[in-house]
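Remarks on the structure that follows.
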Amino acid sequence: MKELLHKGMKSAKSALLAGSSAGGVATTIYCDRFRSYFPSTSTVKCFSDGAYFFLPRNHSEENTFLLMFKGLVKLHKSRSVLPKSCTKRLSSAELCFFPPNLEKDIKTPMFFLMSAFDRVQILYTLSIDLAGCVPAKNCTSNQIEASRELESELLTVLPKQNKGYLITAPFAHTQADQSSWNTFPAAQTNETLAGLFGDWYFGRKSVQIIDKNPGPYQCPS
């Protein structure tokens, strides 16, 4: 980052910090810090794809996300780089890796793209993989019910204001790097994912859209 700033990026009129999956978590953590590198006259925004991970209310202490984030804090002493507004508010530093615990304090405009049936969120939280049954359309009623319960909880932790988001419904993880980003109509609209993000990024309209599909579907390749 310092090298890019030295080479002229610090004079940019506009800048976007974007990341997918783990990179999207990092984008959420560093969004405001990224903004601080630019003049107040610059337009700076952040974009997270497939990274709005959350810890369910009835989670197990063996939750994969929780164990992984605890490991990061212990191995890399990550507490010092996490936003102090979060670490002072929450009892455990690892909780500050979950974007819903961070977004309220982020002042920089930020957009979240996330599937309500995100493959990693489901696998790490429920320890089930729907990779076989979704394409074949033969998931059990228990599998579908569990994934819908997770979807319902996601909707309760979405940003309330000042953020953009697009909650889709494919059984997928990251989406900005897929061909459907430019081709597939999103969330019962006639617009693509790219088009909706562009509307938000360029300030054409506010975007807080949730796909009402009742279950996960196979994303077109």
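The values are calculated or read from the model by the stated rules, or taken from the named source; none is laboratory data. Quick caveat, the model's predicted, so the values are computed rather than measured. Cβ sites come from the backbone with ideal geometry, for glycine too, and all protein chains shown count toward neighbours.
Are any residues in the stretch 182-221 within 22 Å of Leu154 (Cα to Cα) and under 17 Å from the mean Cα position of the chain (by Cα), and if so, which ones?
Those that are within 22 Å of Leu154 (Cα to Cα) and under 17 Å from the mean Cα position of the chain (by Cα): Ala186, Ala187, Leu193, Leu196, Phe197, Trp200, Val207, Gln208, Ile209, Ile210, Asp211.
Do we find a residue being touching a residue at least 60 places away in the same chain (Cβ under 8 Å) and within 16 Å of Val25 (Cα to Cα) anywhere in the stretch 72-88?
No.
Just to be sure I understand, how many residues within the stretch 36-69 are over 21 Å from Ile122 (Cβ atoms) and of a type in the set (Lys, Arg)?
1
Hey, could you check the stretch 6-32 for residues that are in contact with a helix residue (DSSP H, G or I) (Cβ under 9 Å, 6 or more places away or on another chain) and among the charged types (D, E, K, R) and say which is surrounded by the fewest Cβ atoms within 10 Å (Cβ to Cβ)?
Ranking the candidates gives Lys10 first.
Being of a type in the set (S, T, N, Q) and not in a loop (DSSP other than H, G, I, E, B) is the filter here; which residues of the stretch 98-110 pass it?
Scanning the stretch 98-110 gives a single hit, Asn101.
Could you tell me which of the residues Leu113, Leu82, Leu102, Leu130 is closer than 25 Å to Ala15 by Cβ, touching a Pro at 6+ places or on another chain (Cβ under 7 Å) and not acidic (Asp, Glu)?
The unique qualifying residue is Leu102.
Go through the residues of the stretch 132-141 one by one and say whether even a single one is within 29 Å of His59 (Cβ to Cβ), in contact with an Asp or Glu (Cβ under 9 Å, 6 or more places away or on another chain) and β-branched (Val, Ile, Thr).
No, the stretch 132-141 contains no residue that is within 29 Å of His59 (Cβ to Cβ), in contact with an Asp or Glu (Cβ under 9 Å, 6 or more places away or on another chain) and β-branched (Val, Ile, Thr).
Could you list, in sequence order, all residues of the stretch 49-62 that are surrounded by 11 or more Cβ atoms within 10 Å (Cβ to Cβ) and either closer than 13 Å to Phe98 by Cα or without any contact (Cβ under 8 Å) to a residue 12 or more places away in the chain (or both)?
Gly50, Ala51, Tyr52, Phe53, Phe54, Leu55, Pro56, Ser60
So the check is Cβ under 9 Å with 6+ separation or different chains; which pairs have a first residue in the stretch 1-29 that's more than 14 Å from Thr108 (Cα to Cα) and at pLDDT 95 or above and a second one that's part of a strand (DSSP E or B) and among the aromatic types (Phe, Trp, Tyr)?
What qualifies is Gly19/Phe47; Gly24/Phe47; Gly24/Phe112.
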